[in-house]
Every structure is written in C-alpha cells, then in structure tokens.
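The structure appears right after this line, and notes come after that.
Nothing in this text is a laboratory measurement; each read-out follows from the coordinates by a stated rule. The shown structure was predicted, so the numbers you read here are calculated from the model rather than taken from an experiment. Every residue, glycine among them, receives a Cβ derived from its backbone with ideal geometry; neighbour counts consider all protein chains shown.
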Amino acid sequence: MSENDKLDKDNIYLENIKILVDLVKYDGKLYWDKFNVWLVLISALLIATQYAEQLFIFGFELSKFFIPFIGLITSFVWFCTSSRSRKTFNHYIRLARDIEENHLKDFTLWKREDDLNKTYRRYEKMPILKMSLIIPLAFFITFLLLLLSNIFFFFV
C-alpha cells in the first residue's frame with residue numbers, strides 16, 4: 001500500500017469521525033429540545049389534574065380519571081423515546097471511538113479507554129442522559145399514584 005493510499009484512507013476515516021461528531025452534537029441538542037417539550041407537556045397535564053374541578057372537561061368524575069390516565073401514557077411514551085434517543089446517541093459515540101481505535105492509531109491520543117480513565121479519573125462525566133430518564137419515570141409514578149388515589153376515593 002502506497003503512502004498516498006494510506007493518507008486517503010486516513011482522510012476518509014477522519015471525515016467519518018467528523019460526521020459522527022456532528023451527529024452526536026445534533027442528537028444531543030435534539031435530545032434536550034425534545035426533553036423540554038415533554039417536560040412542558042407533562043407539567044401542563046399535572047397542573048390540569050390539580051384544576052380538574054374547575055375544568056369540567058368531561059364532567060368532574062371523568063376528568064379526575066382521564067387526565068392522570070393521559071399523563072400516564074404520555075410519561076411512558078416520553079420514557080421510551082428518551083431511552084431510544086440515548087441509545088442512538090451512545091451508538092454514534094461508540095462508532096467514532098471504534099474508528100479511532102481501529103483505523104486511526106497514529107492519530108489517537110489515548111490508545112485504550114483504561115488509559116483515559118486512569119489519567120483523568122477525576123474528570124469522568126456523569127451519565128447525564130441515563131440520569132435524565134429518572135424524570136419521565138418519576139412523572140409516570142406520580143400519575144400512577146394520582147390515578148390509583150382517584151380510583152380509591154371514587155369507591156370510598
């Protein structure tokens with residue numbers, strides 16, 4: 001293999017990493033934009049459960065069950081879509097890391113993940129995308145408890 005062929009291959013791999021890094025940046029921004037929209041929607045549903053008496057959307061008794069049920073479904077969908085987005089985000093990072101370790105050994109600053117962790121153990125990032133899944137789960141539990149309490153007080 002000539003030197004030019006090796007440089008062309010390296011340039012292709014570098015372009016692939018650049019594209020993957022751009023995808024990671026875009027996906028990260030998209031993840032948090034969607035997170036904000038879901039948070040506003042769920043918060044509005046939670047507020048609507050507090051004012052179900054004044055709303056009388058479907059009659060008081062039905063709105064006490066309907067709004068928490070919609071909140072339950074919405075928070076479940078939010079959890080599923082956030083989990084899927086997190087997996088896609090991590091997949092792009094793994095692909096970029098794989099290209100870097102296997103094809104661009106001359107350009108790689110850290111040869112293995114262990115070297116990076118040993119050197120910069122103090123600077124390890126929190127798995128923020130994984131931690132952000134707690135919020136839809138908390139809303140799911142909140143709406144479930146609201147629904148169960150409304151059912152309990154309906155029959156009591």
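Could you please state, rounded to a whole Å, how far the C-alpha centre of the range 65-98 is from the C-alpha centre of the range 127-156? Result: 16 Å between the Cα centres. Phi angles of the range 133-145 translate, via the Karplus equation with coefficients 6.51, -1.76, 1.60 and θ = phi - 60°, into HN-Hα couplings of 6, 5, 5, x, 5, 5, 5, 4, 5, 4, 5, 5, 5 Hz per residue; Gly and Pro are given as x.
What pairs from LYS18/LYS87; LYS9/LYS87; LYS29/LYS64 go past 31 Å between their alpha carbons? LYS29/LYS64, as the Cα separations exceed 31 Å there. A simple rule links phi to the HN-Hα coupling: the Karplus curve 6.51 cos²θ - 1.76 cosθ + 1.60 with θ = phi - 60°, which for the range 26-36 gives 5, 5, x, 5, 4, 4, 6, 5, 5, 4, 5 Hz, with x for Gly and Pro.
3J(HN,Hα) along the range 10-23: 4, 5, 5, 5, 5, 5, 4, 5, 4, 5, 5, 5, 5, 5 Hz, from the Karplus curve 6.51 cos²θ - 1.76 cosθ + 1.60 with θ = phi - 60°, whole Hz, x for Gly and Pro. This ranking places SER85, SER75, SER149 by how few other beta-carbon atoms lie within 10 Å of each, fewest first, which gives SER149, SER85, SER75. Sorted fewest first by neighbouring Cβ atoms within 10 angstrom, ARG97, ARG84 come out as ARG84, ARG97.
Calculated FRET efficiency, LYS130 and LEU14, Cβ-Cβ r, R0 22 Å, to nearest 0.05? Step by step, r from the Cβ atoms, then E = 0.15.
Residues VAL156, VAL21, arranged from fewest to most other Cβ atoms within 10 angstrom of their Cβ, appear as VAL156, VAL21. Taking label points 7 Å from Cα along the Cα-to-Cβ direction, PHE65 and LYS29 give a separation of 4.6 nm.
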